[in-house]
Amino acid sequence: MISFVKRQYVRIKTAFGMGLTLLGGYLTARRIGAFDTPPRDILPKYIQSFCRKMAGTFGIKVVEVEPVPKTHGLWASNHVSWLDIPVVGSAAPVFFLSKAEIGEWFIFGKLAKAGGTLFIKRGSGDVGSVSDQIADFLLGGSSVVFFPEATTTDGKHIKKIYGKLLQASIDTGLPICPIVIAYVDKEGRLSDAAAYYGERTMAESIKRVMDSERITAYVLPLDPIFPKEKTQKELTAELQVAMEQGLATLHDKVLKH
């Protein structure tokens, strides 16, 4: 347990670092003209740099257990925390999905737009429309990542996969690229502090991360899943098994038993 003074110092340092990272992202976006028309052909390297700095601001070290490929496709990650975005963005050359209303937020919305985020316009539960928007985005040459569990977990297992958005892979013929994440504390155990689940508020979760020491985010890319001659149901089942086995393999590799 860290002392009260040290805890407050770390929190202030983290908040200051986050501000500097946001400012750096804003200045970079303006320099490359991303606020006018996001240059998606060159943006991934800037997104990865921004995400690495943001993860580092919170004391998260991102480690690729195996090199993450630059495969063009529909990426899918397990979902443990709000930290997943800077962690996945640090390792994978992807763009993110976001609700359309977030694009109107003053600071984060402007940066998300400049970062080439795909803003999803939802109808009344029209998942098919969302899948169509993702397919158009993929056909435009940009990879995108989503979290098929549709909610965060404690990081110990993979919840039920919801595969309706996998239709975008079927429609484009592009592969599904699974990736799994494990947050590990300095004792070599899964970090409960990094997980954002249950009744925890965002403010509480951020404080837990700030107050933790040496959290490492391990990232393991899995074999791509190709959609040819497969139904949405078959792809969903295959992705479920792949992510469950992949997470178990990652835990075997990085946790102390």
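Assigning unit charges at the beta carbon (Lys, Arg +1; Asp, Glu -1) and nothing else, what dipole magnitude in debye, to the nearest 20, does the chain show about its Cα centre? Mind showing how you got there, number by number?
Working: 32 positive and 26 negative charges, 198 e Å.
The calculated dipole for the chain is roughly 960 debye.
Report, in debye and to the nearest 20, how large the dipole of segment 83-219 comes out about its Cα centre when Lys and Arg carry +1 and Asp and Glu carry -1 on their Cβ. Intermediate values should be presented prior to the final figure.
On the way: 15 positive and 16 negative charges, 8 e Å.
Dipole size: approximately 40 debye.
Out of the total accessible area of segment 56-113 (probe 1.4 Å, heavy atoms of protein only), what percent is carbon and sulfur? Don't skip to the answer; put the middle values down first.
Numbers: 1650 of 2570 Å².
Roughly 64 percent of what the probe reaches on segment 56-113 is carbon or sulfur.
Out of all Cα-Cα pairs in segment 80-126, roughly what percent, to the nearest whole number, are more than 16 Å apart?
Details: 485 of 1081 pairs.
Value for segment 80-126 (Cα pairs over 16 Å): 45 percent.
Just the C-alpha atoms of segment 206-257: what Rg/Rh do they give, with Rh taken as the Kirkwood radius? Intermediate values should be presented prior to the final figure.
On the way: Rg = 16.0 Å, Rh = 13.7 Å.
Across segment 206-257, the Cα-based Rg/Rh ratio is 1.17.
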Between segment 1-73 and segment 83-100, what is the separation of their alpha carbon centroids in Å? 11 Å
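Using DSSP to call loops (not H, G, I, E or B), can you name the trypsin sites (Lys or Arg not before Pro) in segment 1-89 whose Cβ has at most 13 other Cβ atoms within 10 angstrom? Mind showing how you got there, number by number?
Details: sites: Lys6, Arg7, Arg11, Lys13, Arg30, Arg31, Arg40, Lys45, Arg52, Lys53, Lys61, Lys70; in loops: Arg40, Lys70.
Listed in order of number, the matching sites are Lys70.
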Radius ratio Rg over Rh of segment 41-83, counting only Cα atoms, Kirkwood formula for Rh: 0.96
Surface/4 estimate of mean projected area, convex hull on alpha-carbon atoms of segment 125-219, nm²: 7.7 nm²
Choice from Asp36, Asp132, Asp192 showing the highest fluctuation, given a GNM over the chain with Cα pairs closer than 10 Å: Asp36
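For segment 143-251, which GluC sites (Glu not before Pro) are both in a DSSP coil and crowded by at most 13 other Cβ atoms within 10 Å?
Details: sites: Glu149, Glu187, Glu199, Glu204, Glu213, Glu229, Glu234, Glu238, Glu244; in loops: Glu149, Glu187, Glu199, Glu213, Glu229.
Answer by residue number: Glu187, Glu199, Glu213, Glu229.
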When only C-alpha pairs under 8 Å and at least 6 residues apart count, what is the relative contact order of the chain, in percent? 24 percent
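Please label the shape of segment 78-179 as rounded, prolate or oblate, based on the square roots a ≥ b ≥ c of the eigenvalues of the alpha-carbon gyration tensor (a/c under 1.5 means rounded; beyond that, a/b larger than b/c means prolate, else oblate).
Numbers: a/c = 1.32, a/b = 1.03, b/c = 1.28.
In terms of gyration-tensor shape, rounded.
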With 5 Å bins from zero, work out the P(r) of the chain over every alpha carbon pair and list the percent per bin. 1, 6, 13, 17, 19, 18, 13, 8, 3, 1, 0, 0, 0
Taking segment 6-136 as the region of interest, what is the percent of Cα-Cα pairs per 5 angstrom bin, listed from the shortest bin to the one with the maximum distance? 2, 9, 17, 22, 21, 15, 9, 4, 1, 0
Along the charge dipole of the chain, pointing to its positive end and built from +1/-1 on Cβ of Lys, Arg, Asp and Glu, which listed residue (Val219, Val10, Gly33) has its Cα farthest out? Val10
If each DSSP helix of 4+ residues adds -39,500 (n - 2.57) and the sum is divided by the residues in the chain, what number results at 222 nm, nearest 500 deg cm²/dmol? -13500 deg cm²/dmol
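The values are calculated or read from the model by the stated rules, or taken from the named source; none is laboratory data. All values derive from a computational prediction rather than experimental measurement. Cβ sites come from the backbone with ideal geometry, for glycine too, and all protein chains shown count toward neighbours. The protein model used for the area step is the full one, side chains on, heavy atoms only, and it has no ligands, DNA or RNA in it. Shrake-Rupley method; radii C 1.70, N 1.55, O 1.52, S 1.80 Å.
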